[in-house]
Amino acid sequence: MTGALDNQTFRTAIVPAAGLGTRFLPATKAVPKELLPVVDTPGIEIVANEAAHAGAKRLVIVTSPGKESVVNYFRPAPELEENLERKGKTDLLEKVRRGPGLLDVEVAIQEQALGLGHAVAQAEANLTEEDTAVAVLLPDDLVLPIGVLERMAAVRARYGGSVLCAFDIPKEQISPYGVFDVTDTDDADVKRVHGMVEKPKPEDAPSTYAAAGRYLLDRAIFDALRRIKPGAGGELQLTDAVALLIEEGHPVHIVVHRGGRHDLGNPGGFLRAAVDFALDHPDYGPPLRTWLAERIENEGR
Ligand code: UTP
C-alpha cells in the first residue's frame, strides 16, 4: 500500500457498485460501468486506491447479482501472473497485482437497485465493532487530487458526527446538484450543514456548495437508513438519512474540496476523464496531444 496513513477514524470504505448504469447502455448490458477503463485502469481501482491511501484497510463493494466481476477484479490471478512472470513482463505484472494488493476486499449484495441509501445499508453486516465510522466513495465520481478523505477524518476528529465533501460551484451552474445549507466555521473550507436541497434553481440554492461522492459517516447512519422512507424515484436516498441525522442534532460538516472532479457515470464525463488521464500518460500523452490538436484544427474545414 502506498503512503497509507495510520488513520484511526475509519478502517472500512464502502463502494456502492450495484446500480444499473443505464446512462452507459448498451455497454453496461455486459460490462459493469465500474470496470470501464480510464486509460487502462478501471474507475473502481482508482477509487480503491484513494480509500487505501486515506488509511482504509477494508473495502466493502456493494454489488448486484450478475455484477460479480467488479469484485473478481480485486482477486489475484495466479495463472496470468505466472504467464507474465515467465515472459519477463514485470510492468504488466505490477499492474495486475496492484488492485488486489491495495486492501482487503469484501462483497455485500444488493438484490435490487433500490437506491444509494439502500446500497450502503447492505454493507452493515460486514462491519465490526471497530467501525464507529465508515467512508463511502462513489466509484463513478473521481475527486482529484486525492486527499479529501484525510481532511474529512480530521474534521470528524474535531467536531464528531459525519462529514461530507463539497465543491464550490458557480451559482448559475448549481442546478444539477444537491446543495448544502450551511453556516461558517473558523476554517473557510469547513462548514456546518443544516440541510440540503436537491437540484435547486440558482435563485433557490441555499449556497454554492454542491455534494460530491465522498462521505465519512458515523455508524448512526445505518439506524437512520432503517427509519427513512423511499424518496425521489422511489429509492432510499442516502441524503435523506443524513437529513434525518441533522434534524436529530447529529453534527454534519462539509469539507470544501478545491480541486478537480470527473463524473465517470455518463459517456461525456467518462471521456473527459480518459482524455485528462491520457494526456498525463508518458506514452499516450504526447501523441494524443498532437492528434487532438490536429483534429480540432481540421474541424469544420
Ligand atoms: P448512480 O445513479 O450514478 O448510478 O449511482 P446508476 O444508478 O448505476 O446510474 P444510472 O443512473 O442508471 O446511469 C451512484 C453510485 O451508486 C451505486 C451505483 O452503482 C453508482 O456507483 N448505486 C446506485 C447502487 O449501488 N445501488 C443503487 O440502487 C443505486
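Segment 159-237 and segment 244-277 have their alpha-carbon centroids 11 Å apart. With the charge dipole of the chain set up from +1 on Lys and Arg Cβ and -1 on Asp and Glu Cβ about the Cα centre, the Cα lying farthest toward the positive end among the listed residues Gly55, Gly300, Pro78 is that of Gly300.
In sequence order, segment 48-58 has phi-based couplings of 4, 4, 4, 5, 4, 4, 7, x, 5, 9, 9 Hz under the Karplus curve 6.51 cos²θ - 1.76 cosθ + 1.60, θ = phi - 60°, and Gly or Pro positions carry x. Here the simple spin-label model places points 7 Å from the Cα toward Cβ, and for Glu248 and Glu203 these points are separated by 3.8 nm.
By the rule of a C-alpha distance below 20 Å, with chain neighbours fewer than 8 residues away ignored, the aspartates and glutamates paired with Lys191 are Glu150, Asp168, Asp181, Asp204, Asp218, Asp240, Glu247, Glu248.
Excluding same-chain neighbours fewer than eight residues apart, the aspartates and glutamates reachable from Lys57 by a Cα-Cα span under 13 Å are Asp6, Asp104, Glu106, Glu130, Asp131. Magnitude of the charge dipole for the chain, about its Cα centre and with charges confined to Cβ atoms of Lys, Arg (+1) and Asp, Glu (-1), is about 360 debye. Under the shape rule built on the C-alpha gyration tensor, where the axes satisfy a ≥ b ≥ c, segment 130-188 is oblate, since a/c reaches at least 1.5 while a/b does not exceed b/c. Relative contact order, whole percent, for segment 31-138 stands at 33, derived from Cα pairs under 8 Å and 6 or more residues apart. Dividing the convex hull volume of the alpha carbon atoms of the chain by its residue count gives 165 Å³ per residue.
Multiplying the residue separation of Arg86 and Asp189 by 0.36 nm and subtracting their alpha-carbon distance yields 32.0 nm. Over the chain, Cα pairs under 8 Å with separation of 6+ residues give a relative contact order of 21 percent. Look at the alpha carbon pairs under 8 Å that are at least 6 residues apart: their mean separation over the length of segment 64-188 gives a relative contact order of 17 percent. Basic side chains Lys and Arg get +1 at the Cβ, acidic Asp and Glu get -1 at the Cβ, and with that the dipole of segment 89-158 about its Cα centre reaches some 380 debye.
Please work out, to two decimal places, the log10 of the ratio I(q)/I(0) at q = 0.21 Å⁻¹ from a Debye calculation in which every Cα of segment 76-147 carries one identical scatterer. So the normalised log intensities are -1.01.
Label separation (Leu25 vs Glu150): 4.2 nm, computed from points 7 Å beyond Cα along the C-beta direction. Taking the Cβ-Cβ separation of Asp168 and Arg272 as r and a Förster radius of 22 Å, what is the calculated FRET efficiency to the nearest 0.05? Working from the Cβ atoms, E equals 0.65.
Every number in this text was worked out from the coordinates using simple rules, so none of it is lab data. Everything quoted here is computed from the prediction, not taken from an experiment. Here Cβ is always computed from backbone atoms with ideal geometry, including for glycine, and neighbour counts include all displayed protein chains.
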